[in-house]
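Below is one structure, written out as C-alpha cells; comments come after it.
The values are calculated or read from the model by the stated rules, or taken from the named source; none is laboratory data. Just so you know, these numbers come straight off a predicted model, no measurement behind them. In this analysis, Cβ positions are derived from the backbone assuming ideal geometry, glycine residues included, and neighbour counts consider all displayed protein chains.
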C-alpha cells in the first residue's frame, strides 16, 4: 500500500507574519542606528551602547525573530507535524518582542536596566524552545534536517543562557571572566544557532527551490558533527590558556562548513529548474560568502592574527554576508508563500491565481541585493582607508536599502 | 468524454504556484478513478515530501474537480510512493524548467 500524506499542517499565518514584520522593523531600526554611529565604528569602537543596541536589534530583533517566525511556518510543513500550541505562540511572540525591544533600547540608553529586558527575552526564548520541543517530539521520521534543527535549538538555549549571564554581570558583577562569557555567547548564538539552522533548512529549501532530485546529502551528518566539534573547541579556547584550541576549532568549523557547501553544490548540479529565482541566488551567494569568511578566519587563526579590530570586522562580515544575507534572500521567498497561502490557497483550482514569483518585484530585488553587497564592500573599503565620509555614505546606503527591502516585503502583504 | 477524462482535463487548471506549471504536466497525478455514482478518487504526489504547498494543492484539486459535471464526492489520496522524479514530467514542463 502506498503511504498517504493527507495531514493538515498549516499554521495560522498571523503567527509567523507577526514575527517577520517585527523583524523587518528591527532590521531597519538597527541599520539606521548603525548609520548614525558611523564615527564610532571608524575608530574601531564596537563596544559602545549604540552599537550594542544596533547589534541586538539586528541579531535578536531581526534575525532571531524572523528565524522563529520561519520555524513556526516551516517546521509543520517540513516535518509534517502541527505546532503544539498556537495561542502559546502568540504569548511567546509578545513576550519576546517586548523583551528584545526593552533589552536593545536599554543597552543604548541605560545598560544597567538591560537585565530586565534580558529576563523577558530569556522567558520568551524559553517559551519558544518549549513550543519547539513539544512540536518536534511528534516528528516520526527523523531526517538529518531534524538533527540540524535540534542542534541549532540546543545552541540557542546555550546562547541565551550565556547572554543572560552576560547581562547579569553588567548589572550586578561578580564574574571576573567577562570576555570569555561574551565570546561564548556570540559563538553559541551566531555560529551555533543561526549557522546550524540555516544549514538544516537549506537542506530542505535548496532542493525545493531548485527542484533537485537524486542528490545524496551524504556529507550532512559529518558536517553537523564536525561543526559542533569546532564550536566546542573554539569556545574552550576562550576559557583555557591552550594555544592550539582556537586553530583546531576554526579548522573543524571550516571543514564542517566545507562539507555543507559540497552537498549544496551537488544539489544544485542535480537540479531540474535551470533558471533560479534571484532572491534564492542571493541566499546561495551568502553560502559561498559564509565559506569565505570561515576560510579567512582559519587563515587568521593559523597565522596568529589576533588584532581585535580585524576580528571585530570579521564577526561583522560573518553576521552580515552569511547570516543576514541568507535570511534576506530566503525571506523574499517565504513571505510571498505565506501570503499566497493565506490569500489564494482557497482559490487555487477555482480561478486564475498568481504564482509566487508574480507576487514579488524580482527586478527590484536584484537592485536591492546589489545595493546590499555594494554597501558591505564599501563599508570594508571605508574602514581600510579610514575614511569617515565613505563610511557614512555606505552605512547610509545600507540603511536606505534595508528600508526599501523591508517596505518591499511588507508590500507583498497588501496585494 | 467520460467523467474520468473530464476530471483529468480539469486537473490541467491546477497550477503549482512555486513552479507556475500545472500538476498534470509536472507528473504529480498518478491516477484518477471513478465509481458508478460519480465519486472520484485522485491519487497524486508532490515534488518533495514536506512541500509547503501540500494542503493548498490538494485543496485546489478538490475545488477544481468539484466543478466537473456529474462529480459527487472527491477523495484526494496524496502519496509519497512511488516518489516523484523529473522523468514523470511532460516534455512541455521540462521545456519550461530547462528553457
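Pairing residues of segment B:64-82 that are within 11 Å of chain A (Cβ to nearest Cβ) and farther than 16 Å from residue B:43 by Cβ with residues that are at pLDDT 90 or above and part of a strand (DSSP E or B), at Cβ distances under 7 Å and at least 6 apart in sequence or on separate chains, gives B:66/B:74. One residue stands out among those in segment A:264-277 that are surrounded by 19 or more Cβ atoms within 10 Å (Cβ to Cβ) and in a helix (DSSP H, G or I): the one that is farthest from the other protein chains (Cβ to nearest Cβ), which is A:264. If you check A:41, A:103 for being crowded, with 20+ Cβ neighbours inside 10 Å and more than 21 Å from residue A:194 (Cα to Cα), only one passes: A:41. Filtering segment A:326-355 to residues that are surrounded by fewer than 23 Cβ atoms within 10 Å (Cβ to Cβ) and not in a helix (DSSP H, G or I) leaves A:345, A:346, A:347, A:350, A:351, A:352, A:353, A:354, A:355.
For segment A:95-103, the criterion of being without any contact (Cβ under 8 Å) to a residue 60 or more places away in the chain and within 23 Å of residue A:200 (Cβ to Cβ) is met by at least one residue.
Here residue A:182 does not qualify as under 22 Å from residue A:268 (Cα atoms), away from every other protein chain (no Cβ under 14 Å), in contact with a helix residue (DSSP H, G or I) (Cβ under 8 Å, 6 or more places away or on another chain) and in a helix (DSSP H, G or I). If only residues of segment B:51-63 that are assigned to a helix (DSSP H, G or I) and free of Cβ contacts under 8 Å to residues at least 24 places away in the same chain are counted, the one that is nearest to residue A:336 (Cα to Cα) is B:55.
Every residue, every condition in (1) more than 14 Å from chain B (Cβ to nearest Cβ); (2) farther than 29 Å from residue B:97 by Cα; (3) over 22 Å from the mean Cα position of the chain (by Cα); (4) assigned to a helix (DSSP H, G or I), yes or no:
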{"position": "A:249", "(1), (2), (3), (4)": "yes, yes, no, yes"}
{"position": "A:255", "(1), (2), (3), (4)": "yes, yes, no, yes"}
{"position": "A:262", "(1), (2), (3), (4)": "yes, no, no, yes"}
{"position": "A:282", "(1), (2), (3), (4)": "yes, no, no, yes"}
{"position": "A:289", "(1), (2), (3), (4)": "yes, no, no, yes"}
{"position": "A:294", "(1), (2), (3), (4)": "yes, yes, no, yes"}
{"position": "A:300", "(1), (2), (3), (4)": "yes, yes, yes, yes"}
{"position": "A:312", "(1), (2), (3), (4)": "yes, yes, no, yes"}
{"position": "A:321", "(1), (2), (3), (4)": "yes, yes, no, yes"}
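Inside segment B:85-99, residues that are in a loop (DSSP other than H, G, I, E, B), within 8 Å of chain A (Cβ to nearest Cβ) and surrounded by 12 or more Cβ atoms within 10 Å (Cβ to Cβ) make up a count of 2. Residues in segment A:99-121 that are touching a helix residue (DSSP H, G or I) at 6+ places or on another chain (Cβ under 6 Å) and modelled with pLDDT of 90 or more: A:99, A:100, A:102, A:103, A:104, A:106, A:117, A:120, A:121.
Taken over segment A:356-377, the criterion of being free of Cβ contacts under 8 Å to residues at least 40 places away in the same chain, buried (at least 20 other Cβ atoms within 10 Å of the Cβ) and part of a helix (DSSP H, G or I) is satisfied by A:375 alone.
Here residue B:18 meets the list (1) modelled with pLDDT of 90 or more; (2) assigned to a loop (DSSP other than H, G, I, E, B) almost entirely, failing just condition (1). For segment B:31-57, a residue qualifies if it is under 14 Å from residue B:7 (Cα atoms) and either within 8 Å of chain A (Cβ to nearest Cβ) or buried (at least 17 other Cβ atoms within 10 Å of the Cβ) (or both), and the qualifying residues are B:32, B:34, B:40, B:42, B:43, B:44.
Pairs, please: C-beta under 6 Å, at least 6 apart or cross-chain, first residue at positive phi and in segment B:26-50, second part of a loop (DSSP other than H, G, I, E, B)? Note: pairs meeting the criteria are B:27/B:89; B:38/B:70; B:38/B:71; B:38/B:72.
Being closer than 20 Å to residue A:67 by Cα and part of a helix (DSSP H, G or I) holds for only one residue in A:170, A:194, and it is A:194. Among the residues here, residue A:136 qualifies as in contact (Cβ under 8 Å) with a residue 12 or more places away in the chain, under 23 Å from the mean Cα position of the chain (by Cα), surrounded by fewer than 21 Cβ atoms within 10 Å (Cβ to Cβ) and within 19 Å of residue A:16 (Cβ to Cβ).
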